[in-house]
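To start, the structure itself, in structure tokens.
The values are calculated or read from the model by the stated rules, or taken from the named source; none is laboratory data. In this text the structure is predicted, and so the values were computed from the model without any measurement. Note that we place each Cβ from the backbone using ideal geometry, even for glycine, and neighbour counts take in every protein chain shown. Protein only, heavy atoms only, side chains kept; ligands, DNA and RNA dropped before computing areas. Shrake-Rupley method; radii C 1.70, N 1.55, O 1.52, S 1.80 Å.
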Amino acid sequence: MTFQVVQNQQQPPPKQPQPDVREGLLTLRDATEADAAFVDRLTRETMTPYVQQTWQDPSEVAYYFLKNKFTPDGTRIVQFNGRDVGRLTLIHSHDEIFVDNIHVHPDFQGRGIGAAVLRQVISEARRDGRAVRLQCLRVNPAEHLYRRLGFLELDRNATHFFLRLPSRAPTRSPVIRVPRPHDPGPRELAALHPGVPFFILLKMDLQRRGLLLTPAALDAVQDPLYDYGRSYVIYGQGDQVRKNAPGPLLLRDGTSVLVLAGAQYNESYTVDYRDGRFLLYDGDEFIDEVDFTPRPDYYGKLTSNGVPMETIATARPQRLDINPYRYCHFWDGGNQCRYCAYFTDVKASSTLANGKFPRQVDPQDIYETVREALKEPGRFSQVMLTSGADPRGENTFDFEVDRQIEALQAIGRNFKTRRFASQLIGCGYDKAQLRRLHDETGLTTYCPDIEVWDPKLFDWICPGKAKWNGRDWWIRSALDAVDIFGPGNVYTNAVAGVEMAQPHGFKTVDEALASHFEACEFFAKNGVIYLSLVWIPWRGSQFHGQKQPPLEFYARLVKGLHDIRKAYGLKANNDDYRHCGNHGDSDLERLD
Amino acid sequence: MYDLPTELLNLLQNPKTTRTLATSAHDGTPDVVRRDALAVLPDGSLALPEELDSSQTSKNLVLAMWQDRRVALTIGNGNQAWHVVARPWRCVVAGPLFKQFLLTARAVDGPDADIAAVWILRPEAVRDDSVASQRAVELAQRPWAGAHMDCARFVRDAD
């Protein structure tokens, strides 16, 4: 057998497969977007029998395929004699290679192709002393192959085996290990940047890297005090289970941190539970005691339409988040923002809700949920509305605006006062639409997110926003809104770090920071609060697998943004530490 | 965490006890406020509800937590007085403890009373700050220093 790795080689015309891998040419090429249909079809053809044997619930089956949907990052196409016959998806970390997916088309199984591919992975891992890890469905006979190759069972649950091939000292020529460039963590950066406290740096690093729960922590968050509802939770060694998930993480200074228990991050922190306390670790290093946001009282209750209230509004420590329209039309033509995994998240939520997750939420359900939430003393001090973009209507976004007005009016029926503490994160509306939102509802703040300041990068990263109706329109909308809602009551968010996505993004941190500071200065001059949030290359987004900037970028960014806004007398009260939890720069305002 | 003495715990149960908190700002400016809602929790830590995030006290508590500084409390009633040095340990913004303090505030000050956070303070040092106690200490350590010689305990009646 000859084995070689080639880069994006043009696919030659199909040939008849050889009977055995030893008699053919086995190659790997990097996958591209054009492979999506092949890979998704392959996944279904190879896995459907095992997935259906494992789960009877169709939503579980659907979720399996959703989670294993094709992304080009880390994926290679296995070619046998020039024909695409399989896929291999790997996730690399400094101490192991995780085989996320390996599939060989049923017509080519039993020829040694899977074993040959895995041997190549093992060989690569052993060259630099890394382990190889994978998980497989218990009903999948490939388990025998893995064990034959030397994988050992780490653990098992009702559905999966968790297998690992331990690392071994290099057996070939000695490998000179080049130390990875050191990326300073929160403690080191707090010393280097005295204006940015450890807690804020830790929060941003948690947002970047995410967290895993140990089995003990996962058990502890099943307590009714923490239970935020059924979800898919990543825990232990990165295994997935369907259990009750906790709400936002809380640091000791009260800062909330939005990290998703069901999302796969890189080199995550770990939360353990011992002696009645949640303990945060980075590897083996103890970091601090943490907590999770307590479950609000309205969770678990139903509206008069029989809808679970937690599907209408989710709770942050002091804020109700409502999504009146759970669909983003930017995704229809592939115009979604390239960092966005919103639509896949919505699909996952819909699956969890067993299909009882309509695209449009009934305003009566919104009214009743807010009414119930307000019964809990002191729990909420703000309502935030957001939804997927909908450019339809006589004027662009008319449908979306109508829907937001309906939802805001439904919320407003709960209050005696004309206005109530509220934020709408929406698209860039025209002046007449903004006037309607202001005059017909109790809305207090509006936030059309610019996402990316640089004009060329805006067009590349946010094609939907570029199409409807372009960067200048979105900026104009924010400035027009200041005339209506007042200075300091209009916000815009930037997905900080995404402007360094390659191949078109900035190459240096300094260029990226300069762009943010220019944007913040421009908006601040015009009474708009420009906030940053940490970019995460979500699985399911087009940027999955891209490299995030180092934590030091975020340290410099939040200090710079905070200083600019402070100079203009702007304070982001609506996005502070207990309401939003997404912005290190507004957390710094606690001392102002 | 320092275990508070029983006398101090008893004092904290008395609603007539006066409680003050001393903090300092970034530039060292001291700030002292009366906080009669200060309470002791079952684990021996102290809980301090703060009405406003924007108060100087709240800002100084955040600063103390971020810079690992300490705050001081005085707790007194009649002849009794205690001085406590504490570390701001946690800022609670939701949950059962928060709710309990909010409801207490509303029971006392009416239904519009509000709080922004409950600060958990961990005592690290405690001193009996009553004059009698301090005098006893001084007498034991420096019996002849400081006291005025015309005090009744010194001056003999005239022959």
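Couple of notes before you dig in:
- All conditions but one from (1) open to solvent by less than 30 Å² (accessible area, probe 1.4 Å); (2) modelled with pLDDT of 95 or more; (3) more than 26 Å from residue A:494 (Cβ to Cβ) apply to residue A:424; the one that does not is (3).
- Of residues in the stretch A:127-145 being open to solvent by 50 Å² or more (accessible area, probe 1.4 Å) and more than 27 Å from residue A:108 (Cα to Cα), the one modelled with the highest pLDDT: A:127
- Residue in the stretch A:72-80 that is outside any strand (DSSP E or B), at pLDDT below 85, among the small types (Gly, Ala, Ser) and surrounded by 20 or more Cβ atoms within 10 Å (Cβ to Cβ) present: no
- Within the stretch A:358-378, the set of residues being touching a residue at least 60 places away in the same chain (Cβ under 8 Å), open to solvent by less than 60 Å² (accessible area, probe 1.4 Å) and not aliphatic (A, V, I, L, M) comprises A:365, A:368, A:369, A:372, A:376.
- Residues of the stretch A:448-470 satisfying the condition of being open to solvent by 40 Å² or more (accessible area, probe 1.4 Å) and either of a type in the set (A, V, I, L, M, F, W, C) or assigned to a helix (DSSP H, G or I) (or both): A:455, A:456, A:459, A:460, A:467, A:468
- Given (1) touching an Asp or Glu at 6+ places or on another chain (Cβ under 7 Å); (2) crowded, with 16+ Cβ neighbours inside 10 Å; (3) among the polar types (S, T, N, Q), number of the condition residue A:93 does not satisfy: (2)
- All positions within the stretch A:20-66 that are of a type in the set (Lys, Arg) and either modelled with pLDDT of 85 or more or open to solvent by less than 70 Å² (accessible area, probe 1.4 Å) (or both): A:29, A:41, A:44
- Members of the stretch A:500-516 found to be surrounded by 13 or more Cβ atoms within 10 Å (Cβ to Cβ), closer than 12 Å to residue A:556 by Cα and free of Cβ contacts under 8 Å to residues at least 40 places away in the same chain, listed by number: A:514
- Set A:570, A:561, A:588: member being assigned to a loop (DSSP other than H, G, I, E, B) and modelled with pLDDT of 95 or more: A:570
- Members of the stretch B:106-133 that are open to solvent by less than 80 Å² (accessible area, probe 1.4 Å), more than 9 Å from chain A (Cβ to nearest Cβ) and either more than 19 Å from residue B:42 (Cα to Cα) or without any contact (Cβ under 8 Å) to a residue 60 or more places away in the chain (or both): B:110, B:113, B:128, B:129, B:130, B:132, B:133
- Within the stretch B:52-105, considering residues that are touching a residue at least 40 places away in the same chain (Cβ under 8 Å) and of a type in the set (Lys, Arg), the one nearest to the other protein chains (Cβ to nearest Cβ): B:69
To keep it simple, each residue is scored yes or no on (1) open to solvent by less than 70 Å² (accessible area, probe 1.4 Å); (2) under 20 Å from residue A:362 (Cα atoms); (3) in contact with a strand residue (DSSP E or B) (Cβ under 7 Å, 6 or more places away or on another chain); (4) among the aromatic types (Phe, Trp, Tyr).
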position: A:392; (1), (2), (3), (4): no, yes, no, no
position: A:400; (1), (2), (3), (4): yes, yes, yes, no
position: A:409; (1), (2), (3), (4): no, yes, no, no
position: A:412; (1), (2), (3), (4): yes, yes, no, no
position: A:428; (1), (2), (3), (4): yes, no, yes, no
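- The criterion of at least 3 residues that are open to solvent by less than 10 Å² (accessible area, probe 1.4 Å) is met, among helices (runs of 4 or more DSSP H) falling completely within the stretch A:178-285, by A:198-209.
- Boolean, residue A:289 is over 11 Å from residue A:213 (Cβ atoms) and either among the aliphatic types (A, V, I, L, M) or modelled with pLDDT under 95 (or both): no
- For residue A:314, the conditions (1) part of a loop (DSSP other than H, G, I, E, B); (2) at pLDDT 90 or above; (3) surrounded by fewer than 22 Cβ atoms within 10 Å (Cβ to Cβ); (4) of a type outside the set (A, V, I, L, M, F, W, C) all hold with the exception of (1).
- Candidates A:282, A:272, filtered to the one that is more than 24 Å from residue B:97 (Cα to Cα) and outside the structural domain of residue A:370 (by TED's automatic domain parsing): A:282
- Whichever residue in the stretch A:544-592 is aliphatic (A, V, I, L, M) and within 13 Å of chain B (Cβ to nearest Cβ) and, among such residues, is most open to solvent (accessible area, probe 1.4 Å): A:591
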